[in-house]
Amino acid sequence: MKHLACLALLLCAGAAFGAERLKIDFRYNTAADDGGNFLRWRTSGVQADDRFDAVTGASVAQSTKGLRAVQADGGKTFPKGLYALLLFAVSPAAQAQTDGLTVTQDGARLSVAFMHRGVAYRICTDEQGRLDPRSSFSLAEGLADNTAGVFTIKPEFLYDTADETTGESARATGIDWEKVTFVPDSYGEGTERVWDGALSTTFVDGVLTIRGTLKRTAAPKTPAPQEEASEDSDEAEESAETDTEDNATFTSETERGIIDGEIVP
């Protein structure tokens, strides 16, 4: 029996150590091109220590292709915005300016925004500076027309300005974000196994870092729709709340939904 128990423990330990992990270490200077930007990532069979190569105009370890394969393995396995953000470290410095990359800070909480190939991204950490693939990312697609690789913002998303003399409206430069609808950017619909966990961020002297490990797990289930309560049940609930108002205990749950999305082209 002791031998069987030991064998069971070894099998459980082997399964735990054998779990797939995606380790990420990212550094990007948003203030200056100091030559120190990098993207290091590791998963089963792949270990990449990557940076931008000014000679070839591409990433040294070809993370654009390699990390894309990890993200698209069986569906959209982590947010499109995370993939796009990590690629800044292996892209020319001018890319951040072209895409309008901005990072704002409120204590440890960070907000990152940029637009690439007609897709706008918003990324927000929690109060501890952590990124959650389920809830930290959102995007708005289809903001630009693609003409032979040149992306032009669609007129319906630009500011309107009125001519004081004629009353006619003209388009002004710049996106009116009030006209843009963002949706959650999480896992793809139908994706069975995803990369889940939390990543830590810092933003010091213009340098953004992202570090942590994600684990390959079964995709979280979409919350089941709640049935509409009848008027009688509503009245009963109101009566119960009135009777127990002084001793009521309130609880809440945060539900994380899954939306489908396309992989970055």
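The values are calculated or read from the model by the stated rules, or taken from the named source; none is laboratory data. Note that the coordinates shown come from a computational prediction; the quantities given were computed from them, not determined experimentally. Counting neighbours? That spans all protein chains shown, and the Cβs are built from the backbone with ideal geometry, glycine included. With ligands, DNA and RNA removed, areas are computed over all heavy atoms of the protein, side chains included. Shrake-Rupley method; radii C 1.70, N 1.55, O 1.52, S 1.80 Å.
Considering only segment 33-42, I want to know if a residue exists there that is open to solvent by 50 Å² or more (accessible area, probe 1.4 Å), of a type outside the set (Ser, Thr, Tyr) and touching a residue at least 60 places away in the same chain (Cβ under 8 Å). Yes, segment 33-42 contains a residue that is open to solvent by 50 Å² or more (accessible area, probe 1.4 Å), of a type outside the set (Ser, Thr, Tyr) and touching a residue at least 60 places away in the same chain (Cβ under 8 Å). Within segment 168-190, track down each residue that is assigned to a loop (DSSP other than H, G, I, E, B), open to solvent by 60 Å² or more (accessible area, probe 1.4 Å) and either in contact with a strand residue (DSSP E or B) (Cβ under 9 Å, 6 or more places away or on another chain) or free of Cβ contacts under 8 Å to residues at least 24 places away in the same chain (or both). Listed by number, the residues that qualify are Glu168, Thr181. Is one or more of the residues making up segment 112-124 out of contact with any helix residue (DSSP H, G or I) (no Cβ under 8 Å at 6 or more places or on another chain), over 22 Å from Ile175 (Cα atoms) and either modelled with pLDDT of 95 or more or open to solvent by less than 40 Å² (accessible area, probe 1.4 Å) (or both)? The answer is no; no qualifying residue exists.
Of the residues making up segment 148-167, those that are part of a strand (DSSP E or B), out of contact with any Asp or Glu (no Cβ under 9 Å at 6 or more places or on another chain) and under 28 Å from Val112 (Cβ atoms) number 1.
If the condition is being under 23 Å from Gly174 (Cβ atoms) and either aliphatic (A, V, I, L, M) or surrounded by fewer than 19 Cβ atoms within 10 Å (Cβ to Cβ) (or both), then segment 70-92 contributes Ala84, Leu85.
All conditions in (1) touching a Pro at 6+ places or on another chain (Cβ under 9 Å); (2) at pLDDT below 90; (3) surrounded by 14 or more Cβ atoms within 10 Å (Cβ to Cβ) hold for Val264, with the sole exception of (1).
When Met115 is tested against (1) part of a strand (DSSP E or B); (2) touching a Ser or Thr at 6+ places or on another chain (Cβ under 7 Å), just one condition goes unmet, and that condition is (2).
Whenever a residue of segment 204-227 is more than 24 Å from Tyr83 (Cβ to Cβ), its partners that are at pLDDT below 95 and open to solvent by 90 Å² or more (accessible area, probe 1.4 Å), lying with C-beta atoms within less than 7 angstrom and at least six residues away or across chains, give the pairs Pro223/Glu255.
Taking the conditions exactly as written (open to solvent by less than 10 Å² (accessible area, probe 1.4 Å) and over 16 Å from Tyr83 (Cβ atoms)), does Ala140 satisfy them or not? So Ala140 fits the description; yes. Only one of Ala58, Ala84 is of a type outside the set (D, E, K, R) and farther than 17 Å from Leu199 by Cα; which? Result of the check over Ala58, Ala84: Ala58. Glu168 meets the conditions (1) acidic (Asp, Glu); (2) more than 31 Å from the chain's Cα centre (by Cα); (3) closer than 23 Å to Gly81 by Cβ in every case but one. The failed one is (3). When segment 205-223 is filtered for residues that are modelled with pLDDT of 95 or more, open to solvent by 90 Å² or more (accessible area, probe 1.4 Å) and farther than 24 Å from Arg68 by Cβ, only Asp205 remains.
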